[in-house]
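Here's the structure we're looking at; comments come further down.
The values are calculated or read from the model by the stated rules, or taken from the named source; none is laboratory data. All figures in this text were calculated on a predicted structure; none of them were measured in a lab. Ideal geometry is used to build each Cβ from the backbone, glycine not excepted, and the neighbour counts take in all protein chains shown.
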């Protein structure tokens, strides 16, 4: 067996083998085709080639002198078995030797077996040392993290130096023995550079060395969950355009640092972009980092979407119960059951069973804030936001006197709340006026069954001007429930002077063609025979009113002979300032009829035409009446009355008005001619 030391000369093999090889150079366990003279006397090939030649072609005791000569040549170059290339070539050669009957048990085959064993031992040793080294480094790092920065009993420096000079068991294990003393140790490869093993003494010194100890790492605290309670104060301002402004005050129990505040009981029609949060206790220190609006409310459709690929149970109208994995719930409920795939019409399902509420679905719209509080404690906060789904209008009840010359009027605020929230004990304000709003895409609000609350006793309502609008503030707290219509009295005028008038407007207003004319003779000739009945009054203090009136509906009743009141008509009014005129169209007169006839149409020139009309009014009442006739001159913008049988008033460039007296059970006629030029 050939054993090569990493220190240079060969130390294996017996003296008898060496003498036998010298006496019989051609006889041995192998054949050496190389020269029998000293290879050093020949021209020396490159070291790599000499390695390859020697160990590929010369194996056996007969080549021992040649190997010793080569070992002397490559002493300084072979780290272990005369270098890595030599070792690989030798292993390949040994593995390819034939194993015949002539093979010696101590020959080539035995050497290969021993070499494989030694290589396996070397590999296991290296792996063991590597694992031990990794384990030592890991334990050392964990000990450094767990070691406190202040040591109760520090080791004296002198003892530390003595301990440092004394090798630890880990260092003894990591240091290989010299190959000259133990041949087996020379065959055991060790890493050229081994990582130092940290001893407990060195660990203590490492902790004491830094002047400023590094603080221990602390994990980030999760935000404290805070659930807002009920509103303590609520102020509700409603505009006459499906808009409401809500201001709430609540108390939050905050922790120092980050807090996750869940603020529920907000309307489903809220405008999240309009939300404003402010702390009344610490407005400077409390800061909002994030704001979310969660509105994914639970319903059957969303539950089915969330439970796809999950187990549910359902009961049909016939009482059949199905349990399985929901595959789809869009048009039909498709279940994967033990008996196969079941398809059930949604309209035939009486009941669904879901094990739990899926994550992400909520029962109430909720505002969520991530905010930072400077200190722990309770804070009063104000939250302001706009919401849709709430509207108000004025509704007026007018009771007409028997002589039709006066009426008593009461104004009611009709508040319609479909916002999705209830406002308890709210301070209510109503803004009358046309507020401009930027167009936005609105969300549909479901219509549920709503409650109409009867008018309540009139609280004190204060009216005042605000900006370019008028504000009506209710002077007592009012609860406005969701899906409810509430009425509150705000105007009372016991006696208002009015006038009943009859108006005959044969045709609706037309817009004359700009720069042109309507020259078709029969255009606009047809007329309506109805005569309107109107109530007119001035919104003046001298007439018993003199108040800013918000837009709304005026419903007029009249006392009958039996003492009861009968409904006679209604009309809408716009926002009306004081001292302005109001005209209410209540219906058409039954006993007064009007008629208009075109009597002549001619074209005087290319851009001049004339037209004549005759208007007849018939009164079938037992009393005289006055009828107001309104005529629209619609054919061209330049219109001139060239003939008229009665006095008229020019209301504007294309409108004239007549006041005609019609006797009881009689009739009256007027004629006029108009000339158009363009």
message: Please verify whether residue 651 is modelled with pLDDT of 95 or more and closer than 30 Å to residue 396 by Cβ, treating the condition exactly as stated.
response: no
Sole miss for residue 275 among (1) in contact with a strand residue (DSSP E or B) (Cβ under 9 Å, 6 or more places away or on another chain); (2) loosely packed, with under 15 Cβ neighbours inside 10 Å; (3) assigned by TED's automatic domain parsing to the domain that holds residue 380 is condition (2)
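Against the condition part of a strand (DSSP E or B) and surrounded by fewer than 18 Cβ atoms within 10 Å (Cβ to Cβ), how does residue 674 come out, does it pass? Lay out the reasoning, then the answer.
Values: part of a strand (DSSP E or B): yes; surrounded by fewer than 18 Cβ atoms within 10 Å (Cβ to Cβ): no.
Here the answer is no, as residue 674 does not meet what is asked.
With respect to residue 504, is the statement that it is assigned by TED's automatic domain parsing to the domain that holds residue 659 and under 20 Å from residue 571 (Cα atoms) true? It would help to see each step written out before you state the result.
Working: assigned by TED's automatic domain parsing to the domain that holds residue 659: yes; under 20 Å from residue 571 (Cα atoms): yes.
When the stated conditions are applied, residue 504 passes them.
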Residue set 500, 530, 475; condition modelled with pLDDT under 90 and at negative phi; output residue 475
Scanning segment 576-592 residue by residue, the ones that are buried (at least 17 other Cβ atoms within 10 Å of the Cβ) and closer than 27 Å to residue 645 by Cβ total 2
Residue 652: passes all of (1) in contact (Cβ under 8 Å) with a residue 12 or more places away in the chain; (2) within 60 Å of the chain's Cα centre (by Cα) but (1)
The lone condition residue 461 fails out of (1) at pLDDT below 85; (2) closer than 30 Å to residue 568 by Cβ; (3) surrounded by fewer than 18 Cβ atoms within 10 Å (Cβ to Cβ) is (3)
Looking only at segment 512-528, decide whether some residue is surrounded by 13 or more Cβ atoms within 10 Å (Cβ to Cβ) and within 28 Å of residue 624 (Cα to Cα). yes
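If you scan segment 228-247, which residues turn out to be more than 17 Å from residue 388 (Cβ to Cβ) and part of a strand (DSSP E or B)?
Initial filter on segment 228-247 (more than 17 Å from residue 388 (Cβ to Cβ)): 228-235.
If the condition is that a residue be more than 17 Å from residue 388 (Cβ to Cβ) and part of a strand (DSSP E or B), then 233, 234, 235 are the ones that fit.
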Note on segment 254-272: residues over 15 Å from residue 234 (Cα atoms) and crowded, with 19+ Cβ neighbours inside 10 Å are 254, 259, 261, 268, 269, 270
Requiring at least 2 residues that are outside the structural domain of residue 527 (by TED's automatic domain parsing), within 60 Å of the chain's Cα centre (by Cα) and under 30 Å from residue 401 (Cα atoms), the strands (runs of 3 or more DSSP E) wholly within segment 564-643 are 565-573, 581-588
